[in-house]
Amino acid sequence: MNKLNCFVKGTVILELESTDKYEAISELINKAPVFQSLTDVKQFEASVIAREQKQSTGLGHGVAIAHGKIEGLEELKIALGVSHEGIDYSSYDRKPVHLLFVIANSPEQQREYLAVLSSLVRMVRDRDFRKELLNAGCEGDIEQKLSQSFEHVINRFLFSSPRTSP
């Protein structure tokens, strides 16, 4: 597996306007430049919303990681939408979401998707990290912070030598 290049320019929308989860998902997908290269943005959006209707991806602590599959996607794509007002998301802890991640992957990228999901969850568990993202002044600052943290976590996850049992 090649190293993943995530959270580059065009992956963060600083202030989502929508406070409804489905509208916020749609807003993020349609505003984030990273998703504009998808062959069918509307199909991807429908995939994310259909997945979300099955079970909320609101993890708690103000974070949600929505995701959907799209055929033919060569590399996984991720965007983050920040909402200072908060999104009514039916999260596990029943609190509003302030950091909404959306992941696009093809069905053939399941290993990469699971590695990305696991890495994101590890990153956002840190309360100080979440605060840093929410208090950042511009999209570029957030992209840089995410990119550095993500690279550190995902590369350790993907490229560390396998553990051996004693």
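Comparison of Val34, Val8 shows that the only residue that is aliphatic (A, V, I, L, M), in a helix (DSSP H, G or I) and modelled with pLDDT under 95 is Val34.
In the set (1) under 11 Å from the mean Cα position of the chain (by Cα); (2) modelled with pLDDT of 90 or more, Ser119 fails one condition alone, (2). Pairs are defined by a Cβ separation below 9 Å, a sequence spacing of at least 6 or placement on different chains, a first member in the range 8-35 that is farther than 18 Å from Asp88 by Cα, and a second member that is of a type in the set (S, T, N, Q); the pairs so defined are Val8/Ser147; Gly10/Gln36; Thr11/Ser147; Asn30/Gln36; Ala32/Thr11; Pro33/Thr11; Val34/Thr11. Taking first residues from the range 82-94 that are free of Cβ contacts under 8 Å to residues at least 40 places away in the same chain and partners that are assigned to a loop (DSSP other than H, G, I, E, B) and among the polar types (S, T, N, Q), the Cβ contacts under 9 Å between residues at least 6 apart in sequence or on separate chains come to Ser91/Ser56; Ser91/Thr57; Tyr92/Ser56.
Where strands (runs of 3 or more DSSP E) sit wholly within the range 56-105, none has at least 3 residues that are over 13 Å from the mean Cα position of the chain (by Cα) and among the polar types (S, T, N, Q).
Taking the criterion of being buried (at least 17 other Cβ atoms within 10 Å of the Cβ) and not aliphatic (A, V, I, L, M), the residues of the range 48-57 that qualify are Glu52, Thr57. From the list Gly60, Gly86, Gly81, Gly72, the lone residue that is crowded, with 17+ Cβ neighbours inside 10 Å and not hydrophobic (A, V, I, L, M, F, W, C) is Gly81.
The values are calculated or read from the model by the stated rules, or taken from the named source; none is laboratory data. Source: prediction; values computed, not measured. All Cβ positions, glycine included, derive from the backbone under ideal geometry; neighbour counts span all protein chains shown.
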